[in-house]
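All remarks here apply to the structure that follows.
Every number in this text was worked out from the coordinates using simple rules, so none of it is lab data. It should be emphasised that the depicted structure is a prediction, and the values quoted were computed from it without experimental measurement. Glycine also receives a Cβ, built like all others from the backbone with ideal geometry; neighbour counts cover every protein chain displayed.
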Amino acid sequence: MITLLIGKKGSGKTKKLIELANEAVQNSNGNVVVIEKGLKLTYDISHKARLVDSDAYGIEGLDALVGFVSGICAANYDVTDVFVDSTLKITGKGVEEVEPLTAKLKTLSESSNVNICLLISADAEELPASVREFVAK
């Protein structure tokens, strides 16, 4: 399943991501991975989650992010949830990247049975209509 947490800067997206990730850690029988740009969530995310800094691995661009998430899923069959903070900063593009990114990660999510949550700094009106079904309510 793909979930998009959307909103402009300062709208509480990161706080919601922290809550969801920590909740997933409590409820998961597997591993929870949180990918972030820079190490700013170290003290907010449970130590039981795997916190990964995309900058440390040189992840830049849509294909690099998809490949990285795919690698995480392939390397560990126990991954149940993947959260990506600052998605558009990692891809380096604007909302035009959301549609192809969501399509690729939806396929990965279904084939590997992993929940993927992307934090997107944009309002619903800015997103393509094809991805609005994934927006968290």
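Below is a table of values for the structure above.
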| read-out | value |
| --- | --- |
| Positive-end extreme of charge dipole, the chain - chosen from 87, 59, 136 (charges on Cβ) | 136 |
| Long-range amide H partners of residue 50 with built H, under 5 Å | 32, 33, 34 |
| 13 Å beta-carbon shell around residue 92, net charge (K/R +1, D/E -1) | -2 |
| Net charge, residue 33 excluded, C-beta distance under 14 Å - Lys, Arg +1, Asp, Glu -1 | -3 |
| In order through segment 87-92: 3J(HN,Hα) via Karplus (6.51 cos²θ - 1.76 cosθ + 1.60), integer Hz, x for Gly, Pro | 4, 5, 5, 5, 6, x |
| Amide H within-cut-off set for residue 93, under 5 Å, with H built and near neighbours excluded | none |
| Net charge of neighbours whose Cβ lies under 11 Å from the Cβ of residue 59, counting Lys and Arg as +1 and Asp and Glu as -1 | -3 |
| Ranking of 125, 99 by count of other Cβ atoms within 10 Å, fewest first | 125, 99 |
| Cα-Cα over 25 Å, subset of 40/104; 15/37; 106/137 | 40/104 |
| Helix-derived mean residue ellipticity, 222 nm - over the chain, DSSP H n ≥ 4, -39500 (n - 2.57), to 500 | -11000 deg cm²/dmol |
| Restricting segment 1-75 to GluC sites (Glu not before Pro) in coil, as DSSP defines it, with at most 16 other Cβ within 10 Å | 60 |
